[in-house]
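The next block holds one structure in the form of structure tokens; read it before the comments.
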């Protein structure tokens, strides 16, 4: 009986996240190819080809290795084995990868925006507008901008009048975590912040016009652009 229970537990245990698998393979590559502390790894393009993975999965893995102290990411220069690296170290648990979360958000929040466009009251639209104005006002302040960005997406969820959808969006935002913050730290620019403001204005206008198809398209386009930007750099 115990053996059967253990077998069942193994069957339903979640698979390791892809970026953890890729990170393990990078650690093996560092060891096998004897890449020393302070030396540069192959370019992201070459690593992705060598390992047979997407640039997005590779980038998540590199960020996890950076958080674990195995590598250093030097802007404009590349990825280097840390001076104090231990390639055998166990990486910290940092939750789902940012592109995994973005994929879920693209699927779910696009439909939420469409629902909001159908049923949003004037008060709900005013709340979304307020969040947009806050983002525009504080676009250069990371903490304030993040708060306003979250409030924008939460206000759209609240505009549906469905508390389950509000809880879903809140959960997805709570999953962004340390990998997401490190990703933005490396690749966010003033140009990208301005593009986000433009995207948010387009979403707001579609919801205010009660145009579900355009609201869905605008939200999906926004999250697809974010995904492309952070996966390609």
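Since every read-out is calculated from the coordinates, none of them should be taken as a lab result. Every value quoted in this text rests on a predicted model; they were computed, and no experiment measured them. We place every Cβ from the backbone using ideal geometry, glycine too, and count neighbours over all the protein chains shown.
How far is helix 163-174 tilted off the main Cα axis of the chain, in degrees rounded to 10, range 0 to 90?
40
For the chain, what is the mean residue ellipticity at 222 nm derived from helices alone (per DSSP H run of n ≥ 4: -39500 (n - 2.57); sum divided by total residues; nearest 500 deg cm²/dmol)?
Details: 11 runs with 166 residues, N = 233.
Estimated from H runs of four or more residues: -23500 deg cm²/dmol.
Once both axes come from the Cα atoms, what is the angle between helix 18-32 and the longest principal axis of the chain, in degrees from 0 to 90, rounded to 10?
Taking Cα atoms only, the helix is inclined about 30 degrees.
For helix 190-208, what angle does its Cα long axis make with the longest principal axis of the chain, in degrees from 0 to 90 and rounded to 10?
Helix 190-208 sits roughly 40 degrees off the main axis of the chain.
Compute the length gained on full extension between residue 193 and residue 170: take 0.36 nm times their separation in residues and subtract their Cα-Cα distance, giving the result in nm to one decimal.
Contour length minus Cα-Cα distance gives 6.1 nm.
In nm, to one decimal, how far is the modelled label at residue 119 from the one at residue 144, with both set 7 Å along Cα→Cβ?
It is 3.4 nm.
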